[in-house]
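The values are calculated or read from the model by the stated rules, or taken from the named source; none is laboratory data. Bear in mind that the values here come from a model prediction, so they are computed numbers and not experimental data. Using ideal geometry, Cβ is built from the backbone for each residue, glycine included, and neighbour counts are taken over all protein chains shown. Calculation scope for accessible area: heavy atoms of the full protein, side chains included, ligands and nucleic acids excluded. Shrake-Rupley method; radii C 1.70, N 1.55, O 1.52, S 1.80 Å.
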Amino acid sequence: MPTNAPTAASALSDVTSSDTSLRRFLHGLPGVDAVGLEARAASLGTRSIKTTAKAYAIDLAISMVDLTTLEGADTPGKVRALGAKAVRPDPTDRTTPTTAAVCVYPDMVAVAKEAVAGSGVKVASVATAFPAGRAALDVKLADVRDAVAAGADEIDMVIDRGAFLAGKYLKVHDEIVAVKEACGTSARLKVIFETGELSTYDNIRRASWLGMLAGADFIKTSTGKVAVNATPANTLLMLEAVRDFRAQTGVQVGVKPAGGIRTTKDAIKFLVLVNETVGEDWLDNHWFRFGASSLLNDLLMQRQKLATGRYSGPDYVTVD
């Protein structure tokens with residue numbers, strides 16, 4: 001059985017012993033064939049699935065959604081409504097799975113926790129000066145500790161992209177380690193790279209390995225706050241990274257594409273990527289998530305269409 005991220009350091013401990021060794025390791029990773037990567041992602045995206053498999057895929061995708069609201073106008077009432085929807089996505093059909101989690105700002109964690117109490121739905125909180133990550137480390141750690149103290153089951157942190165792009169890899173690594181420590185034993189850590197700002201596929205591969213070496217439980221594409229978020233190609237690259245990391249260390253790390261995934265067709269394309277790249281071990285919401293807000297509504301409408309043969313009216317789903 002794969003182990004969780006905290007034990008990863010033992011297999012590659014010398015890699016992070018100095019800035020020089022970490023740089024040597026990251027820049028020694030194989031270069032990414034961009035044309036080949038994009039072609040494979042596009043090819044896998046054309047796979048079709050039969051009706052029974054589609055029904056299974058829709059329920060699986062629903063169970064993998066981190067139902068998210070990260071707006072300045074978020075209110076306790078909005079978060080309670082989001083929690084209720086996560087617990088019972090379709091009030092007319094109790095066979096509909098719950099979502100994996102709700103994702104909110106730290107000051108809304110307690111509200112979300114109360115809203116999903118007893119349901120098994122997790123509460124995730126963004127932290128570390130989300131979405132830009134521009135703050136002193138002590139401020140970021142306070143952000144994390146506040147969220148965990150309020151009951152967060154998961155922390156979605158952002159890396160310091162400026163430090164990463166400047167080649168300060170050990171600084172980024174040590175910050176992730178510190179955040180992981182602040183999570184304690186009660187919260188899993190998702191590390192957001194903001195792939196749209198990393199410029200190259202090689203940088204996405206390096207960031208993936210850097211996050212995993214530092215103890216990430218999940219690696220995550222994006223905040224959803226920039227122009228380029230999750231794509232099939234960057235998600236495929238991250239899936240290859242977690243596959244190779246487990247092969248080398250025995251440690252399994254999850255993947256969370258976020259931002260821009262809006263339709264059932266999109267979600268199924270990503271599930272095909274998972275199945276074909278890392279296999280069934282990751283086809284579970286403990287290891288794969290969708291960061292989304294509007295996706296759930298489309299999944300619910302497609303689910304009802306499979307059950308009834310017709311699309312619902314516009315009032316069938318709530319507007320988040």
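Points to keep in mind about this one:
- Set side by side, the residues Leu213, Leu283 differ, and just one is more than 19 Å from Thr46 (Cβ to Cβ), open to solvent by 20 Å² or more (accessible area, probe 1.4 Å) and of a type outside the set (Gly, Ala, Ser), which is Leu283.
- Residues in the stretch 47-72 that are assigned to a loop (DSSP other than H, G, I, E, B), open to solvent by less than 60 Å² (accessible area, probe 1.4 Å) and not hydroxyl-bearing (Ser, Thr, Tyr) were compared, and the one that is modelled with the lowest pLDDT is Leu70.
- Verdict on Leu44 being open to solvent by 10 Å² or more (accessible area, probe 1.4 Å) and in contact (Cβ under 8 Å) with a residue 12 or more places away in the chain: no
- Some residue of the stretch 189-198 being of a type in the set (Asp, Glu), part of a helix (DSSP H, G or I) and open to solvent by 10 Å² or more (accessible area, probe 1.4 Å): yes
- Helices (runs of 4 or more DSSP H) wholly inside the stretch 73-186 containing at least 2 residues that are under 19 Å from the mean Cα position of the chain (by Cα): 76-87, 109-115, 137-149, 169-183
- Residues in the stretch 224-260 that are at pLDDT 95 or above, of a type in the set (Val, Ile, Thr) and in a loop (DSSP other than H, G, I, E, B): Thr231, Val253.
- Any pair with Cβ under 7 angstrom, 6 or more apart, that starts in the stretch 244-257 at a residue that is in contact (Cβ under 8 Å) with a residue 40 or more places away in the chain and farther than 22 Å from Phe270 by Cβ and ends at one that is among the small types (Gly, Ala, Ser) and open to solvent by less than 10 Å² (accessible area, probe 1.4 Å): Thr249/Ala8; Val251/Ala5; Val251/Ala8
- Taken over the stretch 92-122, residues that are of a type outside the set (Gly, Ala, Ser) and within 30 Å of Leu306 (Cα to Cα) amount to 13.
- Against the conditions (1) on the phi < 0 side of the Ramachandran plot; (2) at pLDDT below 95; (3) not aromatic (Phe, Trp, Tyr), Val144 satisfies every one except (2).
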